[in-house]
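K.L.:
Could you have a look at this structure, given as structure tokens, before my questions?
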Amino acid sequence: MPSRSLHAALHAFALEASAALRAEIASGDEVGFEVIAAGAGRERRGLYCYEPLTAEFIERHWSALLSLASAHEAQMELAQSGGLDEYLDSYARERRGGVPVLHDALRCFTLRVFNDGGESFEVDAERFEAAFAEIAREAEEDGELALLALLRGIVCKPAEVAIDDGVMLAPLAELELLPPDPLWRREHGPASVVALVPGRSPGSFEESLGRLRDLQTALRLYAPGISLAPLAWMRGRRSVWRALPIPGAGRCDGAVIVTPENEGELRAFAAIVARRRPTEGELAWALERFELGQEREDPLSGLTDNLLALRALLEPEGPRSGRLAGRIAALCAQPSQRIAATERVAHAISLEQSLIAGVSVGHDAGALAEEIEQHLRALLRDVICGHLDGDLAALADALLAEGGGSDDAAMDAGAGAGESRALEEIRASRRRAPVAAEPADPDDWFAVDEEVDYCATEGEPTLFK
């Protein structure tokens, strides 16, 4: 059955293209004509008539037509339809090298709609339905589409791992036919393939891209060095590979191995990140900055991104409050290790200005930046999973208030390492009541267990029940 959304998108584009072409004529542009002989026979001479060069006029204004808002929607629907190569082989006057198949298919369809329509460029219902039937017939014969993306920095030992309904993770070596992408053939460490089957309903294509984004986010929170390749590939049963830009790229030096023993944990974690992904507020902004840091070439290059994310979560008063190092240590280190953790975080913060100024940093700068990234990953992961309260600053202050004098030393250590802080305000915070944890939901796999210490230790994976 022909797709209604494809029909609607192509019809909207045809109407907008018709209006744009008629506007060009109204502004003074002219449609060329060709003189042809018609009705000629052996014993009689043909009559000469003028035939408008509508195809030439459309080609001349094709760049403008391709920039129409409806052109993007039409291409998105065509990307899901399949059979475009067969359609072009059957109906296109020529195939152009280096031109995306979606552009070629939309151009061919436009020419078929306005063919023999004269210079009025009206959308004739009969011609439109005939042109749509041609492209819909090839789409139906092509069958189901598959969307594949290369996930680098992770490899799965089972033949396939079901991440969610319609989302599969499989070893790259198991793929018999590779897309024409050198990244898929290059030896660059562990890699797997994410396979999705986009639906035919309106918005299903955007939904598939959103699922890829959510999976990449979940895996980046699960472990460092995991990223999607910047191009995904679509293919139907009889069509060739078609490239599709996706929100990927970034470091891919991870070494995560998915085994039958931990695939259930990974599946549950990806599901909860997709379900609880923040869309607004400080947590959403911090998650976005974290992902920007993951797209840098190494943790040191992403230090500023990660510190900005931590400041959004832990310094609501602004950077002049100077509490960042102590709060990170309170949440991410055991009480006996808070002084050392505060000093290292403060040292990492001091590196930021050196990096901005282009000053050489010490040999341990990379390790310090990696620790900052681990702290941020653990905090984001635990807040999204519900292990930590969303008001991390209040929670850290409560932990410091319970810690006694050792935390005074931790805060002083951070100040000595370069952070200015209002110690009297921090000591006064000890008079606040500790933050009470919400009661656990017995049906929530990720509910907080009162008997387990869920503090986000330095980059260790979150505990699952």
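K.L.:
I want to check the label-to-label distance for Arg4 and Glu280. Put each point 7 Å from Cα in the C-beta direction and report it in nm to one decimal.
P.N.:
3.1 nm
K.L.:
Given R₀ = 35 Å, what would the calculated FRET efficiency be for Glu126 paired with Val99, taking r from the Cβ atoms and rounding to 0.05?
P.N.:
Numbers: r = 29 Å, r/R0 = 0.83.
The pair Glu126/Val99 has a calculated efficiency of 0.75.
K.L.:
Hey, another quick one. Contour minus end-to-end for His61 and Asn115, with contour as 0.36 nm per residue of separation and end-to-end as the Cα-Cα distance?
P.N.:
Working: separation 54, 0.36 × 54 = 19.44 nm, distance 1.55 nm.
Going from the current span to full extension adds 17.9 nm.
K.L.:
Also: Measuring from label point to label point, each 7 Å out along Cα→Cβ, what is the Ala69 to Leu175 span in nm?
P.N.:
About 3.6 nm, to one decimal.
K.L.:
For Val361 and Ser301, compute 0.36 nm times the residue count separating them, minus their Cα-Cα distance, and round to one decimal in nm. Numbers along the way, then the final one.
P.N.:
Details: separation 60, 0.36 × 60 = 21.60 nm, distance 1.22 nm.
Result: 20.4 nm gained on full extension.
K.L.:
With a point put 7 Å past each Cα toward its Cβ, work out how far Ser350 is from Arg137 in nm, to one decimal.
P.N.:
Using points 7 Å along Cα→Cβ, the separation is 7.6 nm.
K.L.:
Using 0.36 nm per residue, how much length does the chain from Glu160 to Glu207 gain when fully extended, once their Cα-Cα distance is taken away? Write out the running numbers ahead of the final one.
P.N.:
Values: separation 47, 0.36 × 47 = 16.92 nm, distance 2.21 nm.
Gain on stretching Glu160 to Glu207: 14.7 nm.
K.L.:
The range 231-280 to the range 329-376: how many Å between their Cα centroids?
P.N.:
Cα centroid to Cα centroid, the span is 30 Å.
K.L.:
What's the FRET efficiency of Ala146 with Glu34 using the Cβ-Cβ distance as r and R₀ = 35 Å, to the nearest 0.05? All intermediate terms of the calculation are to be shown ahead of the outcome.
P.N.:
Values: r = 44 Å, r/R0 = 1.27.
Efficiency for this residue pair is about 0.20.
K.L.:
Right, next: Could you compute the FRET efficiency for Thr259 and Gln334, with r as their C-beta to C-beta distance and R0 at 30 Å, rounded to 0.05? Walk me through the numbers before you get to the answer.
P.N.:
Values: r = 29 Å, r/R0 = 0.97.
Between Thr259 and Gln334 the formula returns 0.55.
Readers should treat all values here as calculations from the given coordinates under stated rules, not as data from a laboratory. No experiment lies behind these values; they were computed from the predicted model shown. Positions of Cβ are backbone-derived with ideal geometry, glycine not excepted, and every protein chain shown enters the neighbour counts.
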